[in-house]
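Note sheet for the following structure.
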Amino acid sequence: MGLHLNEGGDDLVENHEINVTPFIDVMLVLLIIFMVAAPLATVDIKVDLPASTAKPVPRPEKPVFLSVKADKGIYVGDDRIEPGQLGQVLDQRTKGKKDTTIFFQADKGVDYGDLMAVMNDMRAAGYLKVGLVGLETAGKK
């Protein structure tokens, strides 16, 4: 003999659907954060770079860019500096870590002697790791 007793539990029916509204809210907030942060992570110095056929290397989290423009102006990031301040400014940007790779980019019109003078200043400051920045080409030879 079977007996079915109602134990007085709640009479609500379980809903088996996933509520995606909180997920969409989180995704929209992340999208806005990345849209605001992305332009801040780029360098705005316009340099006419020569082309290279080398394979690109993955970019570090916070790269330090050293730029030499055609007018021989030296920039670290977006800030113009004087040649005698290069070691001091690089120490500030790298927090004194001399093994940090400095990404060096120069305009095509800059003389080789001027490039070597800047690289000698970097070496004198103790920065020996240099990454040369160039434009990618599609297999030109």
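The values are calculated or read from the model by the stated rules, or taken from the named source; none is laboratory data. In this text, all values refer to a predicted model and were calculated from it rather than measured experimentally. Because the Cβ atoms are built from the backbone with ideal geometry, glycine has one as well, and the counts that use them run over all protein chains shown.
Any residue that is farther than 18 Å from Ala125 by Cβ and loosely packed, with under 12 Cβ neighbours inside 10 Å - is there at least one of those in the range 69-78?
Looking for residues that are farther than 18 Å from Ala125 by Cβ and loosely packed, with under 12 Cβ neighbours inside 10 Å, one finds at least one in the range 69-78, hence yes.
Could you please find all residues in the range 88-141 being part of a loop (DSSP other than H, G, I, E, B), β-branched (Val, Ile, Thr) and surrounded by 15 or more Cβ atoms within 10 Å (Cβ to Cβ)? Before the answer, list the steps.
Of the residues in the range 88-141, the ones part of a loop (DSSP other than H, G, I, E, B) are 95-101, 107-111, 126-129, 133-134, 137-141.
The next check asks that each one be β-branched (Val, Ile, Thr); those that pass are 100-101, 110, 133, 137.
Hits for the range 88-141 are Thr100, Thr101, Val110, Val133.
Counting only residues that are acidic (Asp, Glu) and under 12 Å from Tyr127 (Cα atoms), how many does the range 79-110 have? Working first, answer last.
Of all residues in the range 79-110, those acidic (Asp, Glu) come to 79, 82, 91, 99, 107.
Keeping just the survivors that are under 12 Å from Tyr127 (Cα atoms) gives 91, 99.
The qualifying residues number 2.
Of Leu40, Leu31, which residue is modelled with pLDDT of 90 or more and either exposed (fewer than 13 other Cβ atoms within 10 Å of the Cβ) or part of a strand (DSSP E or B) (or both)?
Leu31
Name the residues in the range 66-87 that are part of a helix (DSSP H, G or I) and among the aliphatic types (A, V, I, L, M), would you?
Leu86
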